[in-house]
Structure formats: C-alpha cells, structure tokens
1. Filter the stretch 27-57 down to the residues that are closer than 12 Å to Asp71 by Cα, open to solvent by less than 70 Å² (accessible area, probe 1.4 Å) and not in a strand (DSSP E or B) and list them by number.
2. What do you reckon, is Ile61 touching a strand residue (DSSP E or B) at 6+ places or on another chain (Cβ under 7 Å) and either loosely packed, with under 13 Cβ neighbours inside 10 Å or not in a strand (DSSP E or B) (or both)?
Amino acid sequence: MHWGVGEAHNLPPISGAFVEIVEAFVDAQGGDYRLLPDSPAVDAVPSTGLSADYYDCPRPIAVRGSSARADVGAIELPAP
C-alpha cells in the first residue's frame, strides 16, 4: 500500500532552515543524513514521544545544554 502516491495534492511547497541547510548533514549528496555536531537540527525538538532513533539508539540525548531534546530527523546525534 502506497498512501498518496500518484495523487495530486494542493499543498504549499516545503521551505525553512532545515530544508535549505545541506551543511547540516554528514554527506547529503551521498545519502548520509546523519547530523553534524554543529547542525541547527541538533536538540531542536522538545519531545517526539519516541525513545529510540532509526538505528535503535536512545533518543533524546542532551548534546547542547542539560535538558534532553530530540534531533530533527530519524537519526539522533550521539552524545559527545
């Protein structure tokens, strides 16, 4: 089942800081979408309700500051 494939949707185009910053990823052109430590997507989400990321690593992890916040995307940046 492929929901919405081939259907026309009247939605606005996606825009924003995370879409336009390719330097946020290790190698976006090569398909490596892990976040770089200085990416604005690190610790950017207050709560996702998820306890693990795509690779089953714990999430959220506090990388910046003392409060644990999730990273944007499927892969949580590991603690330093």
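The values are calculated or read from the model by the stated rules, or taken from the named source; none is laboratory data. Everything numeric in this text was worked out from a predicted model, so none of it was measured. In this analysis, Cβ positions are derived from the backbone assuming ideal geometry, glycine residues included, and neighbour counts consider all displayed protein chains. Heavy atoms of the whole protein, side chains included, go into the accessibility calculation; ligands, DNA and RNA do not. Shrake-Rupley method; radii C 1.70, N 1.55, O 1.52, S 1.80 Å.
1. Leu36, Ser39, Pro40, Ala41, Val42, Asp43, Ala44, Thr48, Asp53
2. no
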